[in-house]
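**Q** Have a look at this one before I ask anything.
Only the coordinates and a few stated rules stand behind these numbers; no lab work does. Predicted, not measured: the structure shown is a model, and the values here were computed from it. Glycine gets a Cβ as well: all are built from the backbone with ideal geometry, and neighbour counts include every protein chain shown.
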Amino acid sequence: MFKLSEIKELIELLDQTSVHELEIENEGARLCIRKNAVSEVVHVQPQMVTAVPQNIQAAVSVPAPQENVLAPQATEAAHSAAHAANLHTIASPMVGTFYRSSSPEAQPYVNIGDKVGEKTTVCIIEAMKLMNELEAEVKGEIIDILVENGQMVEYGQPLFLVKPE
């Protein structure tokens, strides 16, 4: 069964990405959340979720997407530019929130111009309140940081450009 708080958290996460549909199965209960491209309203299929009240539709209206999320065209352009310049792109392995450091007071893991190794931690992606450290997986120099601290990122979105050694 899904708790209402879990559903709301998933809806907020979905709202901040370009993902339009999410389907999850947990302990025999299925949840399907879809964003309608025209009205930007999330639809929960009540026949699939038994623990959600009848009035859930009114409680989960979603505003238009935020501007700080890269559009798919921008993601493709960044990949193309990196490939043309023989740069390695470090991309997000998941949907979540990008953090440059382990805490607001801490120094960023990496800055432009820093040398990194395959096991160098470059950032944290927070997803569902779990902090996931992301490693460079390539030896080289950080050429560009493509997202802002605290920005929502989507799966496959370029985060860093690295000039391989």
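**Q** Sort 9-16, 108-115 by packing, meaning the average of other beta carbons within 10 Å per residue, with the highest value first.
**A** Descending packing order for the listed peptides: 9-16, 108-115.
**Q** May I pose another question? Mind checking which lysines have their C-alpha under 22 Å from Lys129, skipping anything on the same chain fewer than 8 residues away?
**A** Correct list for Lys129: Lys3, Lys8.
**Q** Okay, next question. Would you mind checking the radius of gyration and Dmax of region 113-153 based on alpha-carbon positions, in Å?
**A** 11.2, 31
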